[in-house]
Structures are given as structure tokens and as C-alpha cells.
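> Below is one structure. I have some questions about it.
Read the figures in this text as sums done on the coordinates, not as results from a lab. Computed from a predicted model, the values in this text were never measured in an experiment. FYI the Cβ positions are ideal-geometry reconstructions off the backbone, even for glycines, and counts take in every protein chain you see.
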Amino acid sequence: MAYRTSKITTLSSKNNRATSVLMIYTGGTLGMVYDSKNKSLVPFNFDEILTNVPELHRLEFELTILTLEKPIDSSNMNPKNWVEIAKIVYDNFEEFDAFVILHGTDTMAYTASALSFLLENLSKPVILTGAQLPIGIARTDARENLITALEIASAKINGRPIIPEVAIYFNSYLLRGNRAKKKESSQFNAFRSENYPNLAEVGVTIDYNFPFIRAYRTDLPLQLHENLNHNVVILKLFPGIKQNLIHNIFNTSELKGVVLETYGAGNAPSEGWFLEELKEAIDEGIVIFNVSQCDGGRVLQGTYQTSRKLLEIGVVSGSDITTEAAITKMMFLLGKEDSYERVKFNLETDICGEMSV
């Protein structure tokens, strides 16, 4: 597929050894400007980004911008788009040193999680960022998020990238992509990582949290995965949930997996009908992945009586994984593995830093 690309003239444009960054615009609030004629926000032409962010001229690395044919509102993002973005990174991996993905905030954590699985053996930065206010607004957070994400992506020590993994940069914090959740819809600090330390904090300087950044490795080649099975569902428990609701969900045509959002440390109703519905689904080959509704902490399946039965019937424990990472990991494994037992085993295994085991 052909994409429109443009190269930004920076301080390093004449330096043949300069770090090169590919910025991929997928859509989202960041890329909006105010159309005074129609009195509405509309996507702007990213070829003209210097009009809104003239600071790009002063960057000390090469910058190329690639835009999708049609910008995607993040609410419309889907597994096909995740694969397309991953393929763009894969196809340009040898040409560029780092990648920054501009993305809407609503589903950014899902995309970051998906990319962490689709890009196996990643050894270069893939940094997602966006904004709560459009870049065409005077008080926007877009410029700082964009400039700092680019600076982090280009950062190296002894010729090696500092962040060789998928991450989200937002409002002074760099978070592991598959550990992040969107927590705010109206404040600038939109993303948090409750169960894993920040990879960096940004003020006058950028302070990297080196012990928690994935190790730089180039001994294995980058591998692209393109098959995601999205015959899955997220089922959030609540007091008073009806049997017929759960029964109908588990009997959805072609359903392969369920991320079960339970209470606290992985607890669920101990009523007979509930456990029987889960057991019948498991016996039919549906994988059930237990994650907590709490933002912090983890599933400790079997610690309490209300979760012991889940362990006994074959529900898989999600430890401290986020729901966003859980559902994308399930799609990934169901698309990759032929064996039901391999899917279950790998769900409980840390693949790329998405969970503590």
C-alpha cells in the first residue's frame, strides 16, 4: 500500500549519520485544527505541520512523516488497523532508527498493547502519543507531547536506543505501552500505569528509569505477526448479573475467548449456575482469562474461596495485566497458536513485559 510521506528540514538534514525518525499519523485529536468557515475541528494536512509546530526545524535528527490514506478516529480503530500500523513499522524498520505514532487517546492503550505483541523481538523505539486538545488550539498539549515523544524516540546511549520497546508518552510521563490505561477524559494527565513503574519522567531533563526499561537486544530478528483472532469478548461482572446474559455471551457464534473482569483479587460469584456456565464454556474450548476490575494489584486466583473454584475449573489467571493488554494478547495468541493448551499456557506467561509472573 502506498502512503504519502514528507521529509521535514531539521538541523540534522545535512548530517548523513543523524538519527532518523519516522512519524506515523493515524488520526486523533492532535491532528485537528479549527475551521473558521465551518466552525468545527477538521484534520489538517500534515505536510503543513511546520505551520503549527515550527519547533520541528530545531530537531537534531532527521524526521519523515507518513500519513494514513484516511485519518482514523481512535474510536474506530480495529485489529486490521493495528496490523497495518505494525506492517508500516516492519517495512520501514531498516531505514529508520525510531518510530513515533500519533494516535487518538481513547484506544491508544489497546493499540500500544497490540503492537507490543505484533512486533516480536522489537529493538527500536515505537512511541505512541496524542493530545487532549487539538494542535490548532492555543492552549494545546499537542506540541509538548509531540516534541518530547520525538526526542525520546531519538535518544541513544553509545549508539543504542534508550527505549527499545513500545511505549506511550503523555503529559510528562513515558509508560510501557502494554501496561498503560487511559484514566482521564478531561485532564492532560490522561494515562497511568498502576502496576508498573514509569519508564521516564520529563521535566527540565528527561529522567529515564533504566532498571524497568526492556533490555536492548539485536540477537533475534524483528518478526511481524499479522493474524489476530478477534472472536473474543470482555465480560465485566457486576452484582446481580443474570444467568441468561452470561449464557448468551458464552454461546455467541465462533466465540474463542473471554476476558473475565472479576472483583478485587480475581473473585467471582460462587453460585452453582455461574460456575457451571463457565465450566461448560471451557469444556467447549473457550478460553477464559481472569483479570481484575481494579486498576492496581493483581489476580490471586485461589487465595479466596470465591476464586478457588475458578482455578479448579480451568480459568486462566491474568495476574496484574490490564484489560487492554489482556484482550489484545488473547487475540494475538488465538491467531498464532493452534493448540488450546498452548494458548492457555502463553496467556499466563509474560511475553513482552505485559504482566508480572
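> Using DSSP to define loop residues, name the GluC sites (Glu not before Pro) in the stretch 88-133 whose beta-carbon has at most 13 other beta-carbon atoms within 10 Å.
Passing sites in the stretch 88-133 are Glu94, Glu95.
> I'd like the orientation of helix 108-118 relative to the chain: the angle between its Cα long axis and the longest Cα principal axis, in ° from 0 to 90, rounded to 10.
With rounding to tens, the tilt is 80 degrees.
> Once the convex hull of the C-alpha atoms of the stretch 140-221 is built, how many Å³ does it hold per residue, rounded to a whole number?
111
> Go ahead and estimate [θ] at 222 nm for the chain from helices alone: -39,500 (n - 2.57) per DSSP H run with n ≥ 4, summed, over the residue count, rounded to 500.
After summing the helix terms and dividing by the residues of the chain, the value is -7500 deg cm²/dmol.
> Using the structure shown, select from Lys70/Lys344; Lys124/Lys182; Lys70/Lys182 the pairs with a Cα to Cα distance greater than 31 angstrom. Walk me through the intermediate numbers first.
Details: Lys70/Lys344 37 Å; Lys124/Lys182 24 Å; Lys70/Lys182 24 Å.
Beyond 31 Å: Lys70/Lys344.
> Right, next: In whole Hz, what ³J(HN,Hα) sequence does the stretch 217-229 give by Karplus (6.51, -1.76, 1.60; θ = phi - 60°), x for Gly and Pro?
9, 10, 6, 10, x, 4, 10, 9, 9, 10, 10, 10, 9
> So, one more: Is the chain rounded, prolate or oblate when judged by the Cα gyration tensor, a ≥ b ≥ c being the square roots of its eigenvalues, rounded requiring a/c under 1.5 and prolate requiring a/b larger than b/c?
Judged from the Cα gyration tensor, the chain comes out prolate (a/c at least 1.5, a/b above b/c).
> Taking a ≥ b ≥ c as the square roots of the Cα gyration tensor eigenvalues, with a/c under 1.5 meaning rounded and otherwise prolate when a/b beats b/c, else oblate, which class fits the stretch 63-155?
Note, shape of the stretch 63-155 comes out oblate.
> Between rounded, prolate and oblate, where does the stretch 189-334 land on the alpha carbon gyration tensor, with a ≥ b ≥ c its root eigenvalues, rounded for a/c under 1.5, else prolate if a/b exceeds b/c? Numbers along the way, then the final one.
Values: a/c = 2.43, a/b = 1.65, b/c = 1.47.
Judged from the Cα gyration tensor, the stretch 189-334 comes out prolate (a/c at least 1.5, a/b above b/c).
> Given springs between every Cα pair under 10 Å in a Gaussian network model of the chain, which of Thr26, Thr129, Thr252 has the largest fluctuation?
Thr252
> Restricting attention to the stretch 165-271, which trypsin sites (Lys or Arg not before Pro) occupy a DSSP loop and are surrounded by at most 11 other Cβ atoms within 10 Å?
Arg217, Lys242
> While we're here: Please identify every one of the GluC sites (Glu not before Pro) in the stretch 277-357 that sits in a loop by DSSP and has no more than 16 other beta carbons within 10 Å of its own beta carbon.
Glu284, Glu337, Glu348
> Could you check what % of the DSSP bridge pairs in the chain are antiparallel, to the nearest 5?
45
> Where the convex hull is taken over the Cα atoms of the stretch 21-114, what is its projected area averaged over directions, in nm²? Don't jump to the answer; show the numbers that get you there.
On the way: hull surface 27.3 nm².
Projected over every direction and averaged, the Cα hull of the stretch 21-114 covers 6.8 nm².
> Taking the 0 to 90 degree range and rounding to the nearest ten, how far is the long axis of helix 142-154 tilted relative to the main principal axis of the chain, both from C-alpha atoms?
It works out to around 90 degrees.
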